[in-house]
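The values are calculated or read from the model by the stated rules, or taken from the named source; none is laboratory data. Predicted, not measured: the structure shown is a model, and the values here were computed from it. All Cβ positions, glycine included, derive from the backbone under ideal geometry; neighbour counts span all protein chains shown. Remember, those area values only see protein heavy atoms, side chains included, never the ligands or the DNA or RNA. Shrake-Rupley method; radii C 1.70, N 1.55, O 1.52, S 1.80 Å.
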Amino acid sequence: MVIFEHPLNEKIRIWLRLEFLIKQLMYNKNFDANNALYFFHLLNEILEIIERNDIRADLIKSIEEQKQKLSIWLNVPGVDTPLLDDLLSKLNVLIQQLSLDPKMGYDLKDDRFITAIRKRLTIPGGCCSFDLPFFHLWLQHPQSFRENQINQWLDSFSTLFQAMSLCMQLIRQSSHFKTLLCTNRFYQNSQDDISLLRIKVPFDKRLYPQVSGNNNRFAIRFLPLEPTLDNDEQEESAEFEFELACC
């Protein structure tokens, strides 16, 4: 099964993009001189999103909402109270950290090293050694030296990364997958206050979902990865099962 995720509001759309970039950034933080630019492209895109959106305020609001939902479960018989208390404690800590750290990476905007590189990233080949000689020199330093510098930069995002990870985890866990039947490669439904669709499709079907809609109503059309003329009508009318979670 292949899991596809689709946002149904602008906030989750931004969060999914940011989460994707964060994962890529953390995976590629141990780079060498030959693939260093990919790391700085990712860093630049994260800074662009943070500069254009009030991520901190949205995270605080979302965490407060999650706290209210989880607090209701404290009075439910049989609930795992220690686990719930631990989760609520983590949420409280994150709210405090977000309140005390209003910048969340904004200090990197004033870093002359990063700023100079960001200005050249939009120019094709603009980060050559003759364009950024200081960057070329920095890349010649030992890996341990560069790792210390990179970890300092990533520390600026530490609270953001933790809050984003926990919020997305709670959103995904708010709904379970249900097996549904699809006819003519099309499915539609309505449900109140949905923010994220998670769609599981059998890999052997070689189909991917194209989603349209909003937080109250949505439609999914499954499209083939490699369209063929042979038996196309028969395949399109055939029924197949997929799984859906409305979070």
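For residue 69, the aspartates and glutamates whose Cα falls under 19 Å of its own Cα, not counting residues fewer than eight places away in the same chain, are 58, 80, 85, 86, 192, 193. Apolar share of the accessible surface for the chain: 50 percent from carbon plus sulfur atoms, 1.4 Å probe.
Solvent-accessible surface of protein heavy atoms, probed at 1.4 angstrom with all chains present, puts 86, 155 in the order 155, 86, largest first. Length gained on full extension, residue 69 to residue 9, computed as 0.36 nm times the residue gap minus the Cα-Cα distance: 19.6 nm. Past the 32 Å Cα-Cα mark, which pairs from 61/109; 119/200; 29/178; 11/200; 23/67? Long pairs (Cα-Cα over 32 Å): 119/200; 29/178. Taking amide hydrogens as placed 1.01 Å from N in the peptide plane, the amide H of residue 217 sits under 5 Å from those of 191, each at least 5 positions away in sequence or on another chain.
The charge dipole of region 1-125, taken about its Cα centre with unit charges on the Cβ atoms of Lys, Arg (+1), Asp and Glu (-1) only, comes to about 400 debye.
In the complete set of protein chains, residue-level accessible area for residue 208 is approximately 90 Å², probe 1.4 angstrom. Select from 192, 204, 58 the residue whose mean-square fluctuation is largest in a Gaussian network model of the chain (Cα-Cα springs shorter than 10 Å). In the Gaussian network model the winner is 204.
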